[in-house]
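Right, one structure below, let's go through it.
The values are calculated or read from the model by the stated rules, or taken from the named source; none is laboratory data. The structure displayed is predicted, hence computed values, not measured ones. No Cβ is skipped: glycine too gets one built from the backbone with ideal geometry, and neighbour counts run over all protein chains shown.
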Amino acid sequence: MQWFPIGIRKYVEKIIDVKGDGNCGYRAIAVGLGHGESEWINIRKILFMELEHYFSLYEGTCGDKELAEELRYKLNFYRSPTPNDRWMIMPKMGHLIASVFQTVVVFLSNHQCLTFLPLRYPPLPPESRRLIALGHVNGDHFVTIHLQPNSPIPPIARNWYIHHYSFADGWETQYSNQIEEFKNIVGNEVATTDIIELE
């Protein structure tokens, strides 16, 4: 629990650890989506295909082509163990994860907390939405987090506002109260912009 801001800890119902073989980020995504962590290879492949098909979109969310190429390099690896230059990196991959799986992604750590929304899908009705929470712990490991329903969540990554397709408008409206509550309980304890990279 010490890896997350103090104010949010009481909303954490469960932390699910995954194997630390360099694929922990993809394992944590798989578990968050309701699959076994052994699905990490498929998660990598799906994310890689998303990046390939919509490269110019993610060039925008990354900031430039070189950083998007870095994501391509990191994703295109399917062995275990995985060297650290192929590890998942946040927040750059948050937009990919949210978009390809049409899910809200909450990212929590002691340094940075953000929420990611799908960039290129119309908003789902509230009852059909799912949320996965990923935590960054020990400076080099990802875990899956189960949050209480309607928990406070971090601000939405600013690049969503800049780069989402117009028909994705509306994803953000449901979460304004939860985001305000997060700001109230966490304050300036962590960064809530897409400026730090954690892997």
Out of 77, 101, sole residue that is buried (at least 19 other Cβ atoms within 10 Å of the Cβ) and not polar (S, T, N, Q): 101
Evaluation of residue 148 against (1) polar (S, T, N, Q); (2) closer than 14 Å to residue 15 by Cα; (3) within 14 Å of the chain's Cα centre (by Cα) (one fails), failing number: (3)
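This table checks each residue for (1) closer than 22 Å to residue 155 by Cα; (2) crowded, with 20+ Cβ neighbours inside 10 Å; (3) among the hydrophobic types (A, V, I, L, M, F, W, C).
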site: 38; (1), (2), (3): no, no, no
site: 46; (1), (2), (3): no, no, yes
site: 82; (1), (2), (3): no, yes, no
site: 88; (1), (2), (3): yes, yes, yes
site: 94; (1), (2), (3): yes, yes, no
site: 97; (1), (2), (3): yes, yes, yes
site: 115; (1), (2), (3): yes, yes, no
Any chance residue 68 is part of a helix (DSSP H, G or I), among the small types (Gly, Ala, Ser) and farther than 29 Å from residue 10 by Cβ: yes
Of all residues making up the stretch 12-36, the number that are buried (at least 21 other Cβ atoms within 10 Å of the Cβ) and either charged (D, E, K, R) or under 19 Å from residue 150 (Cα atoms) (or both): 2
Counted residues, the stretch 81-97 - those being in contact with a Lys or Arg (Cβ under 8 Å, 6 or more places away or on another chain) and not aliphatic (A, V, I, L, M): 3
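Can you find, within the stretch 46-65, the residue that is modelled with the highest pLDDT among those that are under 19 Å from the mean Cα position of the chain (by Cα) and not in a helix (DSSP H, G or I)? Spell out the reasoning first.
If we filter the stretch 46-65 for residues that are under 19 Å from the mean Cα position of the chain (by Cα), which is where we start, we get 46-52, 54-55, 57-63.
Add one more test, that the residue is not in a helix (DSSP H, G or I), and what stays is 54, 63.
Details: 54: 98, 63: 90.
By that ranking, first place goes to 54.
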